[in-house]
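Just so it is clear, none of the values below were taken in a lab; they were calculated from the coordinates. Note that the structure is predicted; figures quoted are calculated from it, not measured.
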Amino acid sequence: MIARHWQGLAKPQHADAYVEHLRTETFPALKAIPGFISAIILRRAVPQGVEFQIITHWQSLDVIRAFAGVDAEAAVVPRKVREMMIEFEPRARHYEVVA
């Protein structure tokens, strides 16, 4: 199993809308990809805004490519989400889950 980690800093007034976007648009789309396993949202308030860490679990890097494209580490950030963010990582990180 592979864990994909991505982080973004949301504008405080858009933090709840971002969570709603994940729950109603992003996660349902991910569930339709064969080999997608699960997703979690981590959230914390920081002085600059609301920081999010999104962790998704996949069967393999090949499955992640079905979502992200040939460059599996490229962040997938729709325009709607970009407008909610102060900043975000342009690259995701992948980890092999060993336990």
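The Rg/Rh ratio for segment 2-96 is 0.95, where Rg is the radius of gyration of the alpha carbons and Rh is the Kirkwood radius. For segment 29-44, 3J(HN,Hα) computed residue by residue from phi via the Karplus equation (6.51, -1.76, 1.60; θ = phi - 60°) reads 5, 5, 4, 7, 8, x, x, 6, 10, 6, 8, 9, 10, 10, 9, 8 Hz, glycine and proline entered as x. Extension gain, residue 67 to residue 25: 0.36 nm times the residue separation minus the Cα-Cα distance gives 13.7 nm.
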